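Okay, so here's the structure we're looking at.
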Amino acid sequence: MKKTLIVVILLSLTLSVFSQEEQTPDKPKIVVGIVIDQMRYDYIYRYWDKFSENGFKKLVNEGAFCKNTNYNYLLNHSSSAYATIATGTTPSNHGIIADYWYLRLKNASQYCVDSDREKLVGTNSEAVGKSPEHLVSPTWSDELKISNFKMSKVITISMKDYGAILSGGLLANESYWFDEETGNWITSSYYREMQKKWVKDFNDKKFPDVYLRRKWDTFLPMSDYRASIHDNYSYEKGFSGQQTFPYELSLLKQNRGDYSILKQTPFGNTYVKDFALFALIKENLGKDQYTDFLSISFSSCGYISDIFGIRSVEVEDAYLRLDKDIAHLITSLEDILGKENVLIYLTADRGASDIPEMLEGMKMKSNYFDIASSMVVLSSYLRILYGNEDWIETYYDGQIYLNRELIEDSKYSLNDFQNTVANFFVQFTGLSNVVAVSSLQTTGEDGIMAKAKNSYNQKRSGDIFINLSPGWAIKPEKNRQQSLSARSSAYSENTHVPLIWYGWKIPQKNIYRKINPTDIATTISFFLNINQASMNTGEPIVEILE
């Protein structure tokens, strides 16, 4: 009798496994991409003990965790990362080298998603329109839509305009971002001329007013925040000088006169999550035979890190609350569509750095590099060597743009000029590397030169790249709000990010080999059996494909 019972149990378990395998479709019904701004890899473990069982822990414990994921380019900008994740290639190819870049012919800056051809939809703002027109490479979701003649739906949501726009590529159905003036979700005429009814209905609920009537106090007792520095840390900027809990959000909103404060609180993430779930339901995502894509960007943790620093109680509290939002998102997706139909990936646009003053206090090498004064010295040096002319057009975001027309008219070799600048400038304290772009043609596949090459776009980049020494930051310009945490560098604190896959056919495992965020788009293309985006340079993550 016992033997018979054992056989029956084993047979039922085997049939159950076969049944589950048969129910799992060949392709996921929906891909859900989650990108968290400035989420360092070590945050997973720094806050692990306080996470719930159904948020980050569930993704790690039941999914595939790529533990050695690093961006492989020099200028580590947020917009560049969103484009990299979506296209499967580096800024050298997709063209989004920074949030802004310098236009030589116009002597002006270019914002990565500005478009004079379009107008904003859902707001009365007179600001310039937005579109993905500056994105050179198509995205994996563009290829998905091409593969089935635009039957798949692609909807992208972010507090940041570029976080939504660049994630969806050229063929997204809808892209939505946060309007600070009204607190609404808005879009661009690139996607549609009028807001959809469901979007207007959601905006009419005025959730930002509800969130900003709250007081932001700690989620747990203050004594539980042992992973953070004390709350009244002197180097935090905080909200107009206030840097300790609790925060009266209604008063802060009143002082600003708009809804921008919402972005700098954990409730900004909740607002994104609620809108994403509303879109999931109203657009019937994942309900037919064509795989859909929902891109969700959580930016508030980055905004909070910018003004409080990465060791702050505010950042820890934001991640504990985000964990709850992630749990709600996963549970809702599984309830509505079933885990076997949903493929989730979670990653970050970049990491984040410590405040230089704190590092100095711990006797680490750290300081601020005065780029303005250094450029004056460099200009004087070039005038002594080559004549009393303006040989430098501008410095812009880690790049020096030389006056190429003047150099050419003066019959100087551009390559030699670039190398002269690099060899002189690298002598300044606080600089680890200064790279002349002419030297990138012969560089290898590894090291700082290779990362500079991956950042260099022939049409948009400068002549010289600078890379600060570890722990250093650019000295803030006078009267300009400077981030306490965001850096554009090739060091691990900025490049090492989490990458977790979950759901559908994803096995539970840890993957320790080096992986690049360009591999995300490549791997999804293999999952869906579609053509890789035309400029794709990533590799498939075979450990989760097998």
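The values are calculated or read from the model by the stated rules, or taken from the named source; none is laboratory data. Computed from a prediction, not measured in an experiment: that's the story for all the values here. Because the Cβ atoms are built from the backbone with ideal geometry, glycine has one as well, and the counts that use them run over all protein chains shown.
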Worksheet item: Which condition number does ILE229 fail, the rest of (1) of a type outside the set (Asp, Glu); (2) part of a loop (DSSP other than H, G, I, E, B); (3) farther than 24 Å from ASP354 by Cα being met?
Response: (3)
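Condition first: without any contact (Cβ under 8 Å) to a residue 60 or more places away in the chain and either aromatic (Phe, Trp, Tyr) or closer than 10 Å to ASP317 by Cα (or both). Now tell me which residues in the range 217-227 satisfy that.
Scanning the range 217-227 gives a single hit, ASP217.
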Worksheet entry | Considering residues of the range 434-467 that are hydroxyl-bearing (Ser, Thr, Tyr) and touching a residue at least 12 places away in the same chain (Cβ under 8 Å) only, the residue surrounded by the most Cβ atoms within 10 Å (Cβ to Cβ) | SER455
Practice prompt. State which residue is farthest from ILE30 (Cα to Cα) when the search covers only the range 139-154 and only residues that are crowded, with 23+ Cβ neighbours inside 10 Å and among the aliphatic types (A, V, I, L, M).
Written response: LEU144
Practice prompt. Would you mind finding the one in LEU262, LEU294 that is assigned to a helix (DSSP H, G or I) and either touching a Leu at 6+ places or on another chain (Cβ under 9 Å) or surrounded by 23 or more Cβ atoms within 10 Å (Cβ to Cβ) (or both)?
Written response: LEU262
Worksheet item: Can you spot a residue in the range 238-256 that is surrounded by 19 or more Cβ atoms within 10 Å (Cβ to Cβ) and under 25 Å from the mean Cα position of the chain (by Cα)?
Response: yes
Worksheet, complete the sentence: Here the residues within the range 234-258 that are hydroxyl-bearing (Ser, Thr, Tyr) and assigned to a strand (DSSP E or B) are TYR247
Practice prompt. Check off (1) farther than 30 Å from LYS58 by Cα; (2) touching a residue at least 12 places away in the same chain (Cβ under 8 Å); (3) hydroxyl-bearing (Ser, Thr, Tyr) for SER525 and give me the number that stays unchecked.
Written response: (1)
Worksheet item: Is it the case that some residue within the range 505-513 is of a type in the set (A, V, I, L, M, F, W, C) and closer than 30 Å to ASN61 by Cβ?
Response: yes
Fill in: Elements of type strands (runs of 3 or more DSSP E) contained in the range 16-120, each with 2 or more residues being surrounded by fewer than 23 Cβ atoms within 10 Å (Cβ to Cβ) and more than 15 Å from the chain's Cα centre (by Cα)
64-70, 100-103, 108-111
Worksheet item: Tell me, which helices (runs of 4 or more DSSP H) lie completely within the range 458-546 with 3 or more residues that are under 21 Å from SER152 (Cβ atoms) and at pLDDT 95 or above?
Response: 518-528
